[in-house]
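The values are calculated or read from the model by the stated rules, or taken from the named source; none is laboratory data. Bear in mind that the values here come from a model prediction, so they are computed numbers and not experimental data. In this analysis, Cβ positions are derived from the backbone assuming ideal geometry, glycine residues included, and neighbour counts consider all displayed protein chains.
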Amino acid sequence: MTDSDAMAEDPASRQQSARNADAGHARQTTAAGFPIEARRVTQVGWGVLAAVAVAILTTSWTGDWRTVLILAVSSIFLLLAVWLSRHDRAEQAAVLMLITLTASISYMLFQNQGVRGEAITALPAILVVAGMFGRRRLFLAILVTILAVLSALVIANVQGWHVNVVRPVTVATLINLFAVMLMTAFYVWLMAADLRLALARLKTENDRIRESHARIDVLAHHDSLTGLPNRVLARDRFEQAVALAQRSGHRVALIYLDLDDFKTINDSLGHATGDLLLCQVANRIADAVRASDTVSRQGGDEFLMVLGGLTDGEAAATTSVKIIEKLSAPIEVNGLELSVTCSLGIALYPQNGVDFDTVLKNADVAMYQAKEAGGNAYRFYDSQMIGDVVETLHLISGIRSALARGEFRLHYQPQYELKTGRIIGAEALIRWRHPDLGLLPPGKFIPIAERSGLINGIGAWVLKEACMQAKQWQQAGLTHLVVSVNVSPVQFRRDEIEREVTDALLAARLSPSSIELELTESLLIAESSHLSPLLGRLRALGVRFSIDDFGTGYSNLGYLKRFEVERLKIDQSFVHHMTDDPNAAGIVRAIIEMAHSLNLELVAEGIEDLATLNQLIGLGCEFGQGFHWSPALPPEEFFDFVRKHQDA
């Protein structure tokens, strides 16, 4: 046990340990491993002394002073044995007691009536005591000594070398017999009591071991948090269901479930709240399936359902819909109402595999596709999915090494003041020059990087690279440009984003006012309590903020006022259709009017023709970007483009 483990013990445990230690001082063990209790040795010692005292009295009555002397000397040694036992030296006390009794009884047999005297009845009692407390060798030595003494007495009497005189039976004889018999009965009773206690302890220990085995079996096959079966038991249930399906011709379904965005809840509200939520989710899933089905927890926020006896996949789909509906209702945890959604993947035996591992893998692939589709849905496994998953895994592997190999590039799309046509800034857009797939746009790999957690390294590199490039342009004479950088919501859920921004600015020796961070609406809604002080600190440095793709998320006036952003970027899906869709034009007009009422600037994304540009100018939009002027360009081409535009 380590020091920290010892400190973690509760006081009751420490007191029990102390009592056990004290008890350990009071007992030693025989060669067979059984404990010698000082208390028992003391009890036997007092019992022997009582019998010896009776013998001294009766022998004094008959006038046999030589025997009285022997008994008195024996009493001294017996008192010494009692003293030793009371001072935690039980084994030495037992040895002294046995030797004293054997020697004194042997002497009295030789001097008195031999094998016809009442002293012979004490020999079985000595063997009982030897059996209780003596080591094996001592017990055998006592037994051999007694047999030798008896043999010597009998032979001596038969040969006439030493003939013991038989005295008449008296009341003293009866008293001595009673004393020896009572002492022997006392020893036998003590042995029986110890045996009963040992059997009771053995039964208790056996019960404890059986309970421990039962608990171990539960822990080995069940999840400790929710009490649901774990993967080991789910595998066993699946194999049982398959055995039944092979006889009946039915199908077996595995439904793999993963909660959507559970990590956000866990990180923001704490693991204790997350655990309580998982327990309630487990209960709701169990309520949505049949009693014959198995619900297991795979770990984290992943669950697995085993459905047997199916005629087709329709029952699995129905169960998946029921689970989605059950989980869609708010869940109250610690006074908070939480909403969770889930993604489910379904794979069937035997169509999608004939063993547990294969069917489970395919259900996992299908679940991943449901999550790719936006979550809160289910998907059946399709063999085509494997190709998509393999491609995603290759991209994840490539992203890990792309930074080290310098495969990422930043391209810059110019931003214009619409009325004057002046270039006022640029949006930094990442590209990946993949060694096999060529130049990949951000939409191809950024979502994958966000789901895998690799976006943090990419985001830090983009900030640093954009700041360096802005500084180079300023040194080359483009002093008025503001570079906009997209920041992933995943980056803001870490505590390092503030340090990454300040480090990038310091490394480039760039003024914070030359950088604008583009945030998403979903980030501002979901992380409002955490973001407000963070954005305030960055704004105090001089960093500007805009909301990207405005109008596609949870647009409302509340968070716009609370976070005090400088600009809104109208999503290109509205801008593209302004000239041919009155609804799109109406949405753009409403966004512009709302932004102006809040003293916010506007940037229209995706301007591709002159008609759209003129309509936006007429509505009062200040800035814009799009293919009407230029796509995103590499840094050198962007610099030349701006220079030519200025010269014109």
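Of all residues in segment 464-486 being part of a helix (DSSP H, G or I) and of a type in the set (G, A, S), which is farthest from L410 (Cα to Cα)?
Applying the first criterion (part of a helix (DSSP H, G or I)) to segment 464-486 yields 464-475.
Retained after the next criterion (residues that are of a type in the set (G, A, S)): 466, 470.
Working: A466: 8, A470: 12 Å.
The extreme case among them is A470.
Just give me the residues in segment 630-639 being out of contact with any helix residue (DSSP H, G or I) (no Cβ under 9 Å at 6 or more places or on another chain) and either in contact (Cβ under 8 Å) with a residue 12 or more places away in the chain or not assigned by TED's automatic domain parsing to the domain that holds S484 (or both), in sequence order.
P631, P634
What's the number of the condition G353 fails, among (1) farther than 19 Å from V462 by Cα; (2) of a type in the set (G, A, S); (3) part of a strand (DSSP E or B)?
For G353, the failing item is (3).
Take the residues in segment 331-346 that are surrounded by fewer than 18 Cβ atoms within 10 Å (Cβ to Cβ) and among the polar types (S, T, N, Q); name whichever of them is modelled with the highest pLDDT.
That would be T341.
Residues checked against (1) surrounded by 14 or more Cβ atoms within 10 Å (Cβ to Cβ); (2) in contact (Cβ under 8 Å) with a residue 24 or more places away in the chain; (3) closer than 30 Å to L478 by Cα:
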| residue | (1), (2), (3) |
| --- | --- |
| I570 | yes, yes, yes |
| I591 | yes, yes, no |
| G618 | no, no, yes |
| C621 | yes, yes, yes |
| H628 | yes, no, yes |
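If L225 passes every condition in (1) hydrophobic (A, V, I, L, M, F, W, C); (2) outside the structural domain of D355 (by TED's automatic domain parsing); (3) in a helix (DSSP H, G or I) but one, which one does it miss?
Unmet for L225, out of (1) hydrophobic (A, V, I, L, M, F, W, C); (2) outside the structural domain of D355 (by TED's automatic domain parsing); (3) in a helix (DSSP H, G or I): (3).
I need the helices (runs of 4 or more DSSP H) fully contained in segment 84-198, keeping only those with at least 3 residues that are more than 19 Å from V48 (Cβ to Cβ) and among the hydroxyl-bearing types (S, T, Y). Let's see the steps before the verdict.
On the way: elements: 90-111, 122-133, 136-159.
Result: empty, no element qualifies.
So that you can scan it fast, the table gives a plain yes or no per residue for (1) crowded, with 21+ Cβ neighbours inside 10 Å; (2) closer than 24 Å to V242 by Cα; (3) of a type in the set (D, E, K, R):
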position: M305; (1), (2), (3): yes, yes, no
position: D312; (1), (2), (3): no, yes, yes
position: A329; (1), (2), (3): no, no, no
position: V354; (1), (2), (3): no, yes, no
position: A366; (1), (2), (3): yes, yes, no
position: G375; (1), (2), (3): no, no, no
position: F380; (1), (2), (3): yes, yes, no
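Identify the single condition in (1) modelled with pLDDT under 80; (2) more than 30 Å from V169 (Cβ to Cβ) that Q113 does not satisfy, given that it satisfies every other one.
(2)
Out of segment 261-274, which residues are under 16 Å from L523 (Cα atoms) and either surrounded by 14 or more Cβ atoms within 10 Å (Cβ to Cβ) or of a type in the set (F, W, Y) (or both)? Spell out how you get there, then give the answer.
Within segment 261-274, the first condition is being under 16 Å from L523 (Cα atoms), and the residues that meet it are 261-265, 267-268.
Residues satisfying the conditions are F262, K263, T264, I265, S268.
Would you confirm whether any residue within segment 276-299 is buried (at least 18 other Cβ atoms within 10 Å of the Cβ), more than 22 Å from V340 (Cβ to Cβ) and of a type in the set (G, A, S)?
no
Against the condition at pLDDT below 90 and either part of a helix (DSSP H, G or I) or within 23 Å of G536 (Cα to Cα) (or both), how does R494 come out, does it pass?
Yes, satisfied.
Please work out which residue is farthest from Q472 (Cα to Cα), limiting yourself to segment 406-430 and to residues that are among the basic types (K, R) and in contact (Cβ under 8 Å) with a residue 60 or more places away in the chain. So that I can check it myself, show each step before the final result.
Of all residues in segment 406-430, those among the basic types (K, R) come to 409, 419, 422.
So of that shortlist, the ones also in contact (Cβ under 8 Å) with a residue 60 or more places away in the chain come out as 409, 419.
Details: R409: 16, K419: 28 Å.
Taking the candidates together, the pick is K419.
If only one of L150, L140 is out of contact with any His (no Cβ under 8 Å at 6 or more places or on another chain), surrounded by 13 or more Cβ atoms within 10 Å (Cβ to Cβ) and not β-branched (V, I, T), which one is it?
Values: L140 fails: surrounded by 13 or more Cβ atoms within 10 Å (Cβ to Cβ).
Of the residues listed, the single one that is out of contact with any His (no Cβ under 8 Å at 6 or more places or on another chain), surrounded by 13 or more Cβ atoms within 10 Å (Cβ to Cβ) and not β-branched (V, I, T) is L150.
Could you list, in sequence order, the residues of segment 593-616 that are in contact with a Ser or Thr (Cβ under 7 Å, 6 or more places away or on another chain) and surrounded by fewer than 21 Cβ atoms within 10 Å (Cβ to Cβ)?
A611, Q615
Just give me the residues in segment 587-624 being under 50 Å from the mean Cα position of the chain (by Cα) and of a type outside the set (A, V, I, L, M), in sequence order.
Answer for segment 587-624, where residues must be under 50 Å from the mean Cα position of the chain (by Cα) and of a type outside the set (A, V, I, L, M): E601, E605, G606.
When you look at V487, is it in contact (Cβ under 8 Å) with a residue 24 or more places away in the chain, touching a Leu at 6+ places or on another chain (Cβ under 6 Å) and in the same structural domain as W461 (by TED's automatic domain parsing), yes or no? Break it down into steps so the answer makes sense when it comes.
Working: in contact (Cβ under 8 Å) with a residue 24 or more places away in the chain: yes; touching a Leu at 6+ places or on another chain (Cβ under 6 Å): yes; in the same structural domain as W461 (by TED's automatic domain parsing): yes.
Yes; evaluated as a whole, the condition is true for this residue.
Residues in segment 459-469: is at least one polar (S, T, N, Q) and in contact (Cβ under 8 Å) with a residue 60 or more places away in the chain? Break it down stepwise before answering.
Residues of segment 459-469 that are polar (S, T, N, Q), as a first pass: 469.
When the remaining residues are screened for being in contact (Cβ under 8 Å) with a residue 60 or more places away in the chain, the result is 469.
Yes, segment 459-469 contains a residue that is polar (S, T, N, Q) and in contact (Cβ under 8 Å) with a residue 60 or more places away in the chain.
Please verify whether segment 179-187 includes one or more residues that are modelled with pLDDT of 85 or more and either more than 22 Å from D64 (Cβ to Cβ) or crowded, with 16+ Cβ neighbours inside 10 Å (or both). Quick ask: steps written out before the conclusion?
Looking only at segment 179-187, we keep the residues that are modelled with pLDDT of 85 or more, and these are none.
No, segment 179-187 contains no residue that is modelled with pLDDT of 85 or more and either more than 22 Å from D64 (Cβ to Cβ) or crowded, with 16+ Cβ neighbours inside 10 Å (or both).
For segment 239-334, please list each of the strands (runs of 3 or more DSSP E) lying entirely inside it that holds at least 2 residues being of a type outside the set (A, V, I, L, M, F, W, C) and either touching a residue at least 40 places away in the same chain (Cβ under 8 Å) or in the same structural domain as L360 (by TED's automatic domain parsing) (or both).
On the way: elements: 251-259, 294-299, 302-310, 331-333.
Answer list for segment 239-334: 251-259, 294-299, 302-310.
Answer yes or no: is there a residue in segment 346-361 that is under 19 Å from T273 (Cβ atoms) and in contact with a helix residue (DSSP H, G or I) (Cβ under 7 Å, 6 or more places away or on another chain). It would help to see each step written out before you state the result.
Kept after step one, since they are under 19 Å from T273 (Cβ atoms), are these residues of segment 346-361: none.
No - not one qualifying residue is present in segment 346-361.
Check G335, G299, G313 and return the single one that is over 20 Å from K361 (Cβ atoms) and of a type in the set (G, A, S). Write out each step before concluding.
Numbers: G299 fails: over 20 Å from K361 (Cβ atoms); G313 fails: over 20 Å from K361 (Cβ atoms).
So the residue among G335, G299, G313 that is over 20 Å from K361 (Cβ atoms) and of a type in the set (G, A, S) is G335.
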